[in-house]
Structure formats: C-alpha cells, structure tokens
Amino acid sequence: MDDLFDTTDLDPARRSLLPGAGFFLPDDLEADLESDRIEAAVADAECVVVADPDADGLACVALIREAYDDVLEPPEPDARNDEGDTEGDEDDTPAEAIDAPEPGPHDVVLVPASPHDVEDALGRVAGAARSGVDLFVCDLAPDRYEYVADDLDAAVNVADSVRWYDHHQWDDDVAAAVRDAGAELVVGDSDEECSADVVARSLETTFDDRLTDLVAVTRDHDLWIREDARSDDLADYAYWTDPEEYVEVVRKHGADLPEWVREFLAERRVEKERLIEYAVDRAEFHAVGPYTVGVTYGRCSQNEVAEALREQGADAAVVVKPAGSASIRGTDTFDRCHEVADRVNGGGHPKAAGCKPDIYDDMLDYANHWTTRGAVTKRVILRAFEAVVATDRPDEE
C-alpha cells in the first residue's frame, strides 16, 4: 500500500500530476509528532521564533539567532535531507521529513508554520514554553484575527515579549487587533522589503556584511526582483533541505553558499527543470478583461513557471498544485494578486499570492482534481480574476 503513495520512482511526467507522499499522512499523526518535537525543543528555550520555513522566514531566524548570540552549529554535508519533494507547496510535506533528525539544542528555537496554521504554532508554544520566553513571529500574516485570537492571547500571557515582523498585505483591523492583544507588530512595505529586512531594522543589533548581504539577496527573491543569481540558490536550498540546516549554513556563509550545497542544488535542479517544462507545456491562456492569464497545473517551481508564462505573454500566472493549493503571480501589468487570492481563501502580495479554494469536501473531490488536472480550481480562480478585474472597469470608462 505504501508504494501507492511513494511517487519517487514514478515516471516524472506522471509524478508531476500527483501530490507527494506527505499529502497522504494523517493530520493527527503529523500533529502529534510535531507537538512532541516542539514541546521538547521549546521547554527550556530563551527565545522562540514562529516563522514560515521559506528563505525569507528562515533568514529572519538566522538574524534573531545572531542577535541572541545563539550557538552556531554548522551541519555536516551528509546531514541534509536529500529526499524532499520538489513541488514547493506548504501543504505537501515529504513523508521522509517525519523521520528527520532532531535539531541540536538552541537558545533560539525555530517553530515552522505556514499562513494556514500559524494559530496552531502559537498554541503549541503557549502550551510548552517556559514563562518569560521571548517570542517572535516572522513572515506570517493571518487572514482574519479570529483565527489567531485565542492562541495569540495564550502566547502573550506566557511570553515576556511578543514581536511580530512581516511584510505581507495586512488588513488594518487585523493589525490593530494583534497590537491590542499585546504584540509589537511591524509590517514593512511589501513592494520594498522582505520580512528579513523588517527584522534587520527592528532589532537593536548591528549585523556584519555577510548577513546584510543575505538579507539583500533574500529580498531579491522574495520580491521577485531577480537581479542576483544567488537568490534562486537560496530559495531552492531553503525548500529542499531541513530548515535547521538552512539557518545554520546561511549564518556561517551568508548568500555565498558552500560548494557542497551548490553541488546538491545542481543535482536536484535536473528534476526541477523537467517539472517546470511539463507545467509550461500544460498551460492555457485566458483573456480576463484587458489581461491575459496563464493557467497551469502540476508539481513545479511556481516562480520559474510564472516567468515562462510571462515570456509567452501572460500578465498574470496561476499554478494549481496537486495538493489543492495554487500560486498566483503577477507582473508590472497586473499587480492585484492578493485581491484575487483573498476571494478564494488566500492572500499575499500584489505580485505574488497563494490560496487553497475551499472546494475539497472528500477524497473524491481530490481524485477529480488530479484526473482533471485541477479543472475546478482553475475555474474558481479565473472567476476570482474576473471579479477583481470587473472592479476596474468603472474607473476605466
């Protein structure tokens, strides 16, 4: 039975149509294992960082550990997890990550979280951390305050301080409620700063050139500037390796990754490029008002696929993933991705957003999703584009 969920040896074309094995893990199993790990890790921590485990969120962790003078433990080259999925989807955790080795002891403990489960992470910290802990939340924005209200209140009651650093689009009422709850919230301009920028300017620490450069290269990727070739290396490495390894490697090396990491990335990119090619070949283009929207499906690196669709004339791109979520990417022509995502259970930036439409009631819905290559999800998101674009028309007349 396990072989049905393990796509490692599938033909890449078929593999690109299905979610990774982690998708099929029972939520209760994952939650129990994660809770045990967090409880053990944060019990004696001086500081806890709840962060999105992408390059931006993990750069925040690196900066905070540096500010706290946390012990630096560079991993050995063979300590990384080479078997992670290549989809780049937070809902599709590789099965082998369940067996990842425990990180070494740190004064500053990382608790990874996605925008969809930040409240769970806050609750776990509140239940396990010692009284007086310093708590940071980085690179995460709740869609609605009620999602995090109870768990944030519990965390504020346990922690000596709660500092929340982000750069996503925040609803004014949500931001005000988070501050009223007792958190120090700093939100940067999403067109100018990544979350690591916000952390770097908010902490009372002077960072050396290595980490200042890391922040700049992280911004280059996260804001889709793409002027520094190293930014793709950081993004891929953050996804393909264990978060603890990433944090300690970039603390030591900054954005100039060591040779053994570059060799690892080169091996993984052979597969990555094939998945990108499949997704681009599947793309269809739709006219939505004055805009052309490219829509595709598959396990792939969404940023590179979006760039390829842009080169083919798309003003915006939608990449629907086998796990049910979707990435929405814009251009200078279309910069309302966060508005589209907000209509389909998501959010993000003007030119980069994500969502997971609330349309999956049971496994039959997912089976239909896989066999139709996301047909329903594509229609729902295109309707959201139409609704957003329709609000432009009165001003254009």
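Each reported figure results from applying straightforward, stated rules to the coordinates on display, with no laboratory input. All figures in this text were calculated on a predicted structure; none of them were measured in a lab. So basically every Cβ, Gly included, is an ideal-geometry build from the backbone, and we count neighbours across all protein chains shown.
Could you sort the peptides 152-160, 365-373 by per-residue average Cβ neighbour count (10 Å cutoff), highest mean leading? If you can, show how the numbers build up before the last one.
Details: 152-160: 18.2, 365-373: 13.9.
Ranked from most to least packed, the peptides come out as 152-160, 365-373.
May I ask you to derive the FRET efficiency for Thr333 and Glu273 from their Cβ-Cβ distance with R0 = 25 Å, giving the value to the nearest 0.05?
The value I calculate is 0.40.
Modelling each spin label as a point 7 Å along the Cα-to-Cβ direction, I'd like the Ala176/Asn157 distance in nm, to one decimal.
2.5 nm
Quick check: pseudo-label points 7 Å beyond the Cα along Cα→Cβ at Asp392 and Asp44, how many nm apart are they?
5.8 nm
Mind scanning Lys272/Lys356; Lys272/Lys321; Lys272/Lys351 and naming the pairs with a C-alpha gap bigger than 19 Å? Don't jump to the answer; show the numbers that get you there.
Numbers: Lys272/Lys356 23 Å; Lys272/Lys321 15 Å; Lys272/Lys351 23 Å.
Distance filter (> 19 Å) returns Lys272/Lys356; Lys272/Lys351.
Under a plain spin-label model, where a point goes 7 Å from the Cα along Cα-to-Cβ, how far apart in nm are Asp69 and Thr206?
The answer from the label model is 1.6 nm.
Sorted by packing (mean other beta-carbon atoms within 10 Å per residue), highest first, where do 50-59, 259-268 land? Before the final figure, lay out the partial values.
Working: 50-59: 27.5, 259-268: 14.0.
Descending mean neighbour count gives 50-59, 259-268.
Please arrange Glu248, Glu192 by counting, for each residue, the other beta carbons lying within 10 Å of its beta carbon, fewest first.
Ordered by Cβ neighbours within 10 Å, fewest first: Glu192, Glu248.
Which percent, to the nearest 5, of DSSP beta bridges fully inside the stretch 283-396 are antiparallel?
75 percent
What is the order of Phe207, Phe285, fewest Cβ neighbours within 10 Å to most?
Phe285, Phe207
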